[in-house]
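The values are calculated or read from the model by the stated rules, or taken from the named source; none is laboratory data. Given the structure is predicted, the values throughout are model-derived calculations rather than measurements. Cβ atoms come from the backbone with ideal geometry, glycine included; neighbour counts cover every protein chain shown. These accessible areas exclude ligands, DNA and RNA; they are computed on the full protein's heavy atoms, side chains included. Shrake-Rupley method; radii C 1.70, N 1.55, O 1.52, S 1.80 Å.
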Amino acid sequence: MITSKKSILLIIAAIAQLLPAMGQKKWTLKDCLDYALQNNLQIRKGHVSEQQGDVTLWQNKGALFPSLSFAMTQSMGYRPFEQNTAIVQNGQVTNTTKKVTEQGSYGLNANWTIWNGGINQKNIKAQKLQNEITQLSTQQSELSIQEQIAQLYVQILYSTEAKRVNEQLAETAKSQYERGQQMMRQGQMSKADVAQLEAQWKSAQYDIIASETQVLSYKRQLKALLELDLTTTFDVSGTEPTDEQVLAPIPSAQSVYEKALNQRPEIKSAELSIEAANMNIDIARRGYYPTIGLSASLGDSHYTGSQDNWGEQMKRNLNMSAGLNVSVPIFDNRRNKSAVERAKLEKLNSQLDLQDKKNALSSTIENYWLNANSNQQRFLSARAKVESVATSYELLNAQFQNGLKNIVELQQGHDNLVSAKQDELQSKYNTLLNIQLLKFYSGENINL
């Protein structure tokens, strides 16, 4: 009975250990992209900047309306040696012999800028442009994150497949080492040759560890983009690409560039920056215009040293005023002229920035196109070479097992097979990645 309970407990413990592994989520590329768009800190900061721009826009709109403020002052005075004190309030003189006095004043003030050369209206339009630029900057961050995720995802797939290839080669190297030991015991192979076979097997095992380390490193980088911490288990669910995907037609660099110019946010943002610079030049020039405003105030006060009571003083001291304010700039120490010159230079800088971004976009697309074409041709060559070298190595291995080939020929065949398989894998995944990035710059989604 006790043994039975122990067995049940062991089974339950084993199931408990298996459940996390069974429930571990394997991330598709779409899962990674969707999650990053919602959780990446850089993108979230971009959304915060958009909200800050909206707040500034409302503030600029508020400048079109009058301002109203209320102020009050309560003060107490003490003059221990004064025989007679004269207090001036609202143009009136009040005398008192009190040593401790209290005074209060109250004011309601309103101001309204009717016209300042249209700067307030222009500031609203300028802020709307800036908000659009900020939104485009967030979109650019989203595209950049997606591009980085796709590159890391492909690297994980490549390193995972390279690890499987290395494991297969390690199995072959192990069997060759075991066969060499048999041949050494039979007197058909020297101890030095067996040591070389063992070194080849250990090297193959090291290649497995190296490729596994690469996989873990790329997963760590991808988790960082997804804002996942080290306690989160992570694995991808990508499959080996088909030959149809790798040998798919490659879009022309010119067509991709033309589409990218019309839709990439960095280009739109640079174009809007030139428009915003023109707006800033107009705003700077309006600094030469006069400013017209209205002002109004309502005030009252009281003083305890007066012979009149509080109510009588408040009634008598009530005062109101209204005025029209006109300000005409005549000599401003070159402030307006300097502002106009700075705005013009900013426009020139925005124009140069647009050309720089166009050049960078053209170079990026051309680089992807060259990589896609060269790796596609390289893949065709490497695939044929792998088939040939693998067949030769199988024959060479069989002959070695029968004692017909020496260790030097075997190692040379092994090295040739490793090199051919590495070339095939690298060219396959590089072709796939660069074709997808070309489509991505054309406006399509990345699909691996």
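Key figures
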| quantity | calculated |
| --- | --- |
| Residue check for L197: touching a residue at least 12 places away in the same chain (Cβ under 8 Å), surrounded by 17 or more Cβ atoms within 10 Å (Cβ to Cβ) and out of contact with any Asp or Glu (no Cβ under 6 Å at 6 or more places or on another chain) | yes |
| Residue check, L432 of a type in the set (A, V, I, L, M) and open to solvent by 70 Å² or more (accessible area, probe 1.4 Å) | no |
| Flag for A384 being closer than 23 Å to Q176 by Cα, free of Cβ contacts under 8 Å to residues at least 40 places away in the same chain and out of contact with any strand residue (DSSP E or B) (no Cβ under 9 Å at 6 or more places or on another chain) | no |
| Lone qualifier among N166, N131 - being modelled with pLDDT of 95 or more, touching a helix residue (DSSP H, G or I) at 6+ places or on another chain (Cβ under 6 Å) and either surrounded by 16 or more Cβ atoms within 10 Å (Cβ to Cβ) or of a type in the set (V, I, T) (or both) | N131 |
| Filter result for the condition that a residue is within 28 Å of L157 (Cα to Cα) and either part of a helix (DSSP H, G or I) or open to solvent by less than 50 Å² (accessible area, probe 1.4 Å) (or both), over N447, N397, N416 | N416 |
| Among residues of region 234-259, those that are over 28 Å from the mean Cα position of the chain (by Cα), of a type in the set (V, I, T) and closer than 21 Å to S363 by Cα, counted | 1 |
| Evaluation of V386 against (1) aliphatic (A, V, I, L, M); (2) over 26 Å from R285 (Cβ atoms); (3) open to solvent by 30 Å² or more (accessible area, probe 1.4 Å) (one fails), failing number | (3) |
| Lone unmet requirement of (1) touching a residue at least 24 places away in the same chain (Cβ under 8 Å); (2) part of a loop (DSSP other than H, G, I, E, B) for N333 | (1) |
| Flag for S203 being among the polar types (S, T, N, Q) and either closer than 26 Å to F379 by Cβ or open to solvent by 30 Å² or more (accessible area, probe 1.4 Å) (or both) | yes |
| Complete set of residues in region 219-240 that are assigned to a helix (DSSP H, G or I) and open to solvent by less than 50 Å² (accessible area, probe 1.4 Å) | K219, L222, K223, L225 |
| Where D300 falls short, out of the listed (1) outside any helix (DSSP H, G or I); (2) within 30 Å of I133 (Cβ to Cβ); (3) open to solvent by less than 50 Å² (accessible area, probe 1.4 Å); (4) of a type in the set (D, E, K, R) | (2) |
| Sole residue being more than 28 Å from the chain's Cα centre (by Cα), open to solvent by less than 60 Å² (accessible area, probe 1.4 Å) and without any contact (Cβ under 8 Å) to a residue 60 or more places away in the chain, chosen from A339, A343 | A339 |
